[in-house]
Amino acid sequence: MRARLSLAYAGISYEHREILLKDRPEALYHLSAKGTVPVLQLTDQTVIDESMAVMKWALQKNDPDHWYTNRIDEQDALILRNDGEFKERLDRYKYHVRFPKESYETYQENISEILSEYDLVLSSSSYLLGGQVSLADMALFPFIRQ
């Protein structure tokens, strides 16, 4: 979702292919040994296989609303926390059966702590870092909606 969001925002055309993660095609592994999505192959055959790398590449090409021109260190810190601590908590909450060490309620409380922090910031600001949408907002959105 992140990659598609940034590519659309930047006005970059691409060929979209849906992949069934339970039945990944060999072609995916030929592009990226990891076999994970997203994978973006550029016209020069360069392959970008991380969603944040796709987002930043797209914004380098076209960033009309300046999503990634201000407060870059703060944005990167928010994204890093999201992709680390928040995602770990989210996975334990969503897939609590796989993580029997704690109760479902404990995992729910753990993720609620971070969501409450975001809620507090957003109670006085339209976006996570002020009055203007940023890359951090767009990078975190797909995880928050889950």
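The values are calculated or read from the model by the stated rules, or taken from the named source; none is laboratory data. Predicted, not measured: the structure shown is a model, and the values here were computed from it. So basically every Cβ, Gly included, is an ideal-geometry build from the backbone, and we count neighbours across all protein chains shown.
Okay, here's what the table says:
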quantity	calculated
Residue match in segment 19-32 (condition: modelled with pLDDT of 90 or more and in contact with a Phe, Trp or Tyr (Cβ under 8 Å, 6 or more places away or on another chain))	no
Residues located in segment 39-51, provided they are surrounded by 10 or more Cβ atoms within 10 Å (Cβ to Cβ) and either among the aromatic types (Phe, Trp, Tyr) or touching a Leu at 6+ places or on another chain (Cβ under 9 Å) (or both)	Val39, Leu40, Gln41, Val47, Ile48, Asp49
Yes/no for His30 being over 18 Å from Pro142 (Cα atoms) and either of a type in the set (Val, Ile, Thr) or in a loop (DSSP other than H, G, I, E, B) (or both)	no
Contacts under 7 angstrom Cβ, first residue in segment 126-137 being more than 21 Å from Arg4 (Cβ to Cβ), partner part of a helix (DSSP H, G or I), 6 or more apart	Leu129/Glu74; Leu129/Gln75; Leu129/Ala136
Subset of segment 71-98 (residues that are part of a loop (DSSP other than H, G, I, E, B) and surrounded by 13 or more Cβ atoms within 10 Å (Cβ to Cβ))	Arg71
Number of the exception - Asp73 against (1) of a type outside the set (Lys, Arg); (2) touching a residue at least 12 places away in the same chain (Cβ under 8 Å); (3) out of contact with any helix residue (DSSP H, G or I) (no Cβ under 6 Å at 6 or more places or on another chain)	(2)
Subset of segment 70-116 [at pLDDT 95 or above, within 19 Å of Gln132 (Cα to Cα) and of a type in the set (S, T, N, Q)]	Gln75
Number of the condition not met by Tyr29 [criteria: (1) within 17 Å of Tyr14 (Cα to Cα); (2) in contact with a Gly (Cβ under 9 Å, 6 or more places away or on another chain); (3) among the hydroxyl-bearing types (Ser, Thr, Tyr)]	(1)
Output for segment 109-136, where each listed residue is out of contact with any helix residue (DSSP H, G or I) (no Cβ under 7 Å at 6 or more places or on another chain), within 30 Å of His96 (Cα to Cα) and among the β-branched types (Val, Ile, Thr)	Val121
Some residue of segment 131-146 being in contact with a Leu (Cβ under 9 Å, 6 or more places away or on another chain), at pLDDT below 95 and part of a loop (DSSP other than H, G, I, E, B)	yes
Sole residue being assigned to a helix (DSSP H, G or I) and loosely packed, with under 13 Cβ neighbours inside 10 Å, chosen from Glu109, Glu105, Glu15	Glu105
